[in-house]
Amino acid sequence: MMKQRIHQASIALEIARQSLNRQFYPEYHLATYAGWLNDPNGLIYHDGLYHAFYQHHPYSADWGPMHWGHATSKDMIHWSHQPIALAPGDEYDRDGCFSGSAVSDQGKLYLFYTGHIWLSNAGDDSQIYQAQCLAISHDGIHFEKHGVVIPSPEGYMHFRDPKVWFQDSRWWMVVGARDSLDQGQILLFSTDDLLNWPEEYQILAKTDDKNVYMWECPDFFPLGEQFITLFSPQGKKPSGHQYRNRFQNGYLVGNWAPDQSYEITNHFAEIDFGHDFYAPQTFLAEDGRRIAIAWMDMWESHMPTKAHGWAGSFTVPRELTLNAQGKVLVNPIKELQSLRQQAVNLSACTLEKNSTLPIYHDAIACEIELIWDLQNSPAEKFGFWLGNGTQFFIDGQTQQLTLSRHYPEHIISDYRSAPLPQTRYLTIRAFIDRSSLEVFINEGEMCFTSRIYPQEGERALTLFTINQSAKLIKGTLWPLKGVAE
């Protein structure tokens with residue numbers, strides 16, 4: 001039955017692909033050709049290839065019964081779309097194959113995912129059943145379901161997004177949960193045998209914010225000597241410039257070893273400050289780097305690409321490291337440099353009061369690096385404009401970094417801000433694609449990820465300064481080669 005459901009979905013996707021509108025379709029980010037895409041799932045290096053699965057509704061650009069889409073790559077940059085891996089419809093996942101993870105063992109690829117069932121009306125989150133399920137592949141492409149491996153524990157209705165890993169001769173699984181008091185937490189399971197999981201669990205961590213009712217998409221992994229808990233809390237209230245998205249994403253830092261409790265040393269910190277970053281999942285690259293990819297959209301956002309028959313994109317892959325202060329640093333992977341074309345170099349200069357410096361006429365797909373001297377930049381506001389709708393700038397009055405976008409034709413007009421690092425030199429590295437902007441500050445100290453929707457002919461990239469001058473130490477721009485199939 002699953003083969004038939006996958007075949008039907010594949011036909012629908014291929015038909016829709018023939019009329020793809022590429023106005024906002026990315027040049028070098030992974031996206032679906034048709035239908036809906038959200039959370040990355042099952043990110044893994046297996047048998048010489050990187051695999052990226054994703055939450056997918058192949059029949060509509062709106063969220064719907066979740067399938068698992070699938071793509072493979074040799075370098076995390078050039079992706080090839082594969083047949084859909086999982087389709088819902090069995091008794092334990094009849095209403096959706098929700099998010100999960102992958103592990104490689106003895107040549108086989110194991111997918112752990114959440115089987116989702118509506119107990120009453122579809123869409124009623126107060127009446128659901130969720131259990132952790134398993135599917136196995138011998139060739140990395142075609143999967144056979146093995147049903148439920150961990151049923152929902154007593155007292156839990158929201159119980160989803162398993163992340164599995166191997167450590168100290170055992171398999172471990174964290175699962176996001178919402179307890180009977182409507183508080184978010186992460187449950188920890190372990191086993192000697194991937195096929196048989198005891199139902200006993202520990203509460204690895206839980207919210208100390210009474211407003212947070214769910215911890216989604218948990219990940220738990222070592223960086224250096226400490227363990228990072230990466231997750232998406234739902235229900236956090238806005239505070240100043242913080243927590244302005246529908247849902248947030250961030251991490252805890254702490255100490256953990258098997259059979260010990262998780263000792264948190266650094267409390268919740270956001271990992272991205274933009275509009276569109278959710279549900280990141282990490283995996284190990286072939287050489288051992290810890291890589292993260294996230295969904296580059298946000299729940300309840302306006303998504304103009306729906307009019308083109310598709311919705312949802314992944315971020316560029318990012319390497320995670322931990323500094324001495326317990327802060328996770330986030331940087332684009334080095335493989336992205338392979339997309340660079342001939343560099344456009346900007347000489348050191350001082351942009352005088354209320355001046356502009358055009359640097360690229362049509363920024364469809366490019367990377368730019370700018371180094372500003374903050375000590376000698378008294379301007380009220382300076383940075384770059386992308387067309388008429390997007391700007392990223394240093395705000396000298398509020399001492400904030402701000403990413404602002406204004407597309408009234410799409411009912412989008414908002415901004416996100418974070419404190420300006422207290423440093424003399426500020427390095428901005430930005431990746432621009434047809435409908436996205438990803439900005440990395442000072443070698444990964446902070447980042448901003450947002451979807452953008454410039455009209456054709458409105459993609460000029462311009463440096464600017466408002467009220468007083470700003471000093472540019474160095475600038476480089478690289479047009480980037482497209483890789484979309």
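The values are calculated or read from the model by the stated rules, or taken from the named source; none is laboratory data. Note that the coordinates shown come from a computational prediction; the quantities given were computed from them, not determined experimentally. Glycine also receives a Cβ, built like all others from the backbone with ideal geometry; neighbour counts cover every protein chain displayed. Note: accessible area is taken over every heavy atom of the protein model, side chains too, but ligands, DNA and RNA are not part of it. Shrake-Rupley method; radii C 1.70, N 1.55, O 1.52, S 1.80 Å.
Quick notes on this one:
- Contact order relative to length of the chain, as percent, for alpha carbon pairs under 8 angstrom and 6 or more apart: 14 percent
- Taking packing as the residue-averaged number of other Cβ atoms within 10 angstrom, the listed peptides 270-281, 185-196, 466-477 run from highest to lowest as 270-281, 466-477, 185-196.
- Subtracting the Cα-Cα distance of THR476 and THR356 from 0.36 nm times their residue separation leaves 41.5 nm of extension gain.
- For the range 252-393, carbon and sulfur atoms together expose 46% of the accessible surface, with a 1.4 angstrom probe and every protein chain in place.
- Gyration tensor (alpha-carbon) shape descriptor, the range 162-238, a/c threshold 1.5: oblate
- Cross-link partners of LYS353 among aspartates and glutamates (Cα-Cα below 15 Å; sequence separation of 8 or more within a chain): GLU380, ASP395
- Helix 2-17 vs. the chain, principal-axis angle (Cα, 0 to 90°, nearest 10): 20 degrees
- The simple Förster model, with R0 at 56 Å and r as the Cβ-Cβ distance, assigns LEU284 and TRP118 a FRET efficiency of 0.95.
- Rounded, prolate or oblate (a/c below 1.5 giving rounded, otherwise prolate when a/b exceeds b/c) for the range 287-441 by Cα gyration tensor: rounded
- In sequence order, calculated HN-Hα J values of the range 126-132 (Karplus, 6.51, -1.76, 1.60; Hz; x Gly/Pro): 8, 9, 9, 9, 10, 9, 8
- Which of PRO419, ASN442, SER404, positive extreme of dipole for the range 391-485 (C-beta unit charges): ASN442
- Label point of GLU458 set 7 angstrom out along Cα-Cβ; within the range 390-421, amide nitrogens under 13 Å from it belong to 390-391, 405-413.
- Partner lysines for LYS237 [C-alpha distance under 22 Å; skip if fewer than 8 residues away on the same chain]: LYS206, LYS210
- Per-residue ellipticity at 222 nm from helix content only, as computed over the chain with -39500 (n - 2.57) for each DSSP H run of at least four residues, stands at -1000 deg cm²/dmol.
- Label-to-label distance, ILE411 versus ASP75, with points set 7 angstrom from Cα along the beta-carbon direction: 4.2 nm.
- Cα gyration tensor, the range 114-181 - rounded (a/c under 1.5), prolate or oblate: oblate
- Where the range 149-240 is the region considered: accessible area per residue in Å², 1.4 Å probe: 42 Å²
- Charged-residue dipole, Cβ positions (Lys, Arg, Asp, Glu), the chain about Cα centre, Debye nearest 20: 1280 debye
- Sites VAL344 and GLN8 - FRET efficiency at Förster radius 56 Å, r taken between beta-carbons, to 0.05: 0.70
- Contact order for the range 214-356, expressed relative to its length and based on alpha carbon pairs under 8 Å spaced 6+ residues apart, stands at 15 percent.
- Neighbour net charge for ASN38 - beta-carbon separation under 15 angstrom, K R +1, D E -1: -3
- Surface composition of the range 149-211: carbon and sulfur make up 45 percent of the accessible area, probe 1.4 Å.
- Counting only heavy atoms of the protein chains and using a 1.4 Å probe, ASP179 has close to 30 Å² of accessible surface.
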